Amino acid sequence: MDDLLEHRILELLREARGVSLPLRRLHGHLVAEAGPTVGTYARFAEEIRSSRAFLVFEPEDPLGDGRDWPPGVRHAYETALAAAGVDRGPRLTLGVPVTTPADVTPPSDQPHTASDARPAAPHDASIAALRASLLDIWETAGPDSSLRAAVATAFADCAEMPRLIDGTG
């Protein structure tokens with residue numbers, strides 16, 4: 001993965017003030033910013049999954065097993081969920097401890113000053129602690145797929161916490 005692209009992903013994860021971001025939404029955002037050089041969603045997802053800086057979680061599908069749904073009905077529900085802003089697809093989080101934007105060293109061709117760092121919200125430390133706790137459980141779970149599935153779902157469920165705490169949701 002390109003260093004500038006990885007740096008931009010790190011910035012977006014930090015700016016989100018949450019524990020994770022939907023992988024598909026992140027890809028769309030990057031394509032809108034940088035154009036087709038980001039690559040297809042499939043290639044992007046593969047590169048992200050192979051990066052040591054990130055973890056990709058697959059939350060349980062709230063609609064259950066896709067084989068149990070008639071295709072037209074399933075598509076209608078997925079469309080309605082997407083229109084409501086619900087994205088239960090793969091989610092991305094940092095696979096390493098969180099640092100503040102001022103602690104991040106950007107690529108040398110991009111100037112960075114203390115004024116570039118966003119102000120911390122009162123709940124940022126709590127969200128960081130929640131993320132760290134979920135990562136601890138993930139690591140401790142080892143091969144326990146049911147516990148890891150629960151952690152993946154928790155990452156998805158916690159995504160909107162900062163917005164709700166801020167009262168913008």
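Taking a temperature of 25 °C and a viscosity of 0.890 mPa s, what whole-number D in µm²/s does Stokes-Einstein yield for the stretch 9-60 with Rh from Kirkwood over alpha carbon pairs?
Details: Rh = 11.6 Å.
D, rounded to a whole number, is 211 µm²/s.
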#### Entry: Gain in span if fully extended, Ala149 to His75, counting 0.36 nm per residue against the direct Cα distance
24.3 nm
### Summary
Packing-ranked peptide list from 151-157, 35-41, 63-69, highest mean Cβ count within 10 angstrom first, is 151-157, 35-41, 63-69
### Query
Once both labels are modelled 7 Å past Cα along the beta-carbon direction, what's the Ala53-Ser133 spacing in nm?
2.8 nm
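Coordinate-derived values only; no laboratory data. These figures come from a predicted structure and were not determined experimentally. Here the Cβ is made from the backbone with ideal geometry for all residues, glycine too, and neighbour counts use every protein chain on show.
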